[in-house]
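Structure first, then comments.
The values are calculated or read from the model by the stated rules, or taken from the named source; none is laboratory data. From a predicted model like this one, the values you see are computed outputs, not experimental measurements. Glycine gets a Cβ as well: all are built from the backbone with ideal geometry, and neighbour counts include every protein chain shown.
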């Protein structure tokens, strides 16, 4: 009966391989933790309302600290706590740069009640509360009665007002009037809108609102073509619109 001879294990070769592997790991670890990967640059893009300095404070990144010490997901979550920021995307650009891409919430309008001002989104959620408005403010300013809860939720006199206001803002956006309307005086029966050219637009606050805003858009284009500024567009008639210079 023949017996198979067992092959001898070359332990010296294994030791050499393990030694090289160990040295490689130590070298790699030392390299990754070297000054080469210390943060030198922070690039911020996409922000207009939120200042760079505020974003950097939220990042809580330290220059000359290793880039691998930070979790991009944790930084993104920290940034998204800011009421102006919809989403944040963080990228590590090796060897030493952090790139921050900001997607800010779209401010639909600024609602005003006496001396209270709030930036709002399309669903009338509060983005920010202001004590005063800059003279160069570009958002539509809506004068309307409202209150703020302790959780900064806007409360109107009734739910119907909220739904109608959402409908009004959607109609303005759908007809590309967001950059042409400066102020809105909102009431349950009559709405007065004021264009950036000083034109007063009078609308019934009823089921024909969207249709009338569509007509208003065409009239404003026509008046702009003729270089007419100021005056009043009255859309409260069932039959036709009236423009008085």
If you scan the stretch 73-113, which residues turn out to be part of a helix (DSSP H, G or I) and surrounded by fewer than 13 Cβ atoms within 10 Å (Cβ to Cβ)?
73, 74, 77
For residues in the stretch 194-208 being under 22 Å from residue 224 (Cβ atoms) and out of contact with any helix residue (DSSP H, G or I) (no Cβ under 8 Å at 6 or more places or on another chain), which is surrounded by the most Cβ atoms within 10 Å (Cβ to Cβ)?
202
If I filter the stretch 43-60 down to residues being in contact with a helix residue (DSSP H, G or I) (Cβ under 8 Å, 6 or more places away or on another chain) and in a loop (DSSP other than H, G, I, E, B), which single residue comes out as nearest to residue 126 (Cα to Cα)?
47
Inspect all residues belonging to the stretch 236-243 and state whether any of them is within 24 Å of residue 145 (Cα to Cα), assigned by TED's automatic domain parsing to the domain that holds residue 165, touching a helix residue (DSSP H, G or I) at 6+ places or on another chain (Cβ under 7 Å) and assigned to a loop (DSSP other than H, G, I, E, B).
no
Scan the stretch 200-214 and tell me whether some residue there is at positive phi, in the same structural domain as residue 124 (by TED's automatic domain parsing) and not in a strand (DSSP E or B).
no
Picking from 177, 220, which residue would you name as being buried (at least 16 other Cβ atoms within 10 Å of the Cβ), in contact (Cβ under 8 Å) with a residue 12 or more places away in the chain and not in a loop (DSSP other than H, G, I, E, B)?
220
For residues that are over 22 Å from residue 177 (Cβ atoms) and within 12 Å of the chain's Cα centre (by Cα), tally how many sit in the stretch 92-125.
3
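Residue by residue, here is whether (1) more than 23 Å from the chain's Cα centre (by Cα); (2) modelled with pLDDT of 85 or more; (3) within 30 Å of residue 103 (Cα to Cα); (4) assigned by TED's automatic domain parsing to the domain that holds residue 90 holds:
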residue	(1), (2), (3), (4)
5	yes, no, no, no
45	no, yes, yes, yes
58	no, yes, yes, yes
67	yes, yes, yes, yes
If you check 219, 184, 242, 166, which single one turns out to be closer than 23 Å to residue 110 by Cα and touching a strand residue (DSSP E or B) at 6+ places or on another chain (Cβ under 9 Å)?
184
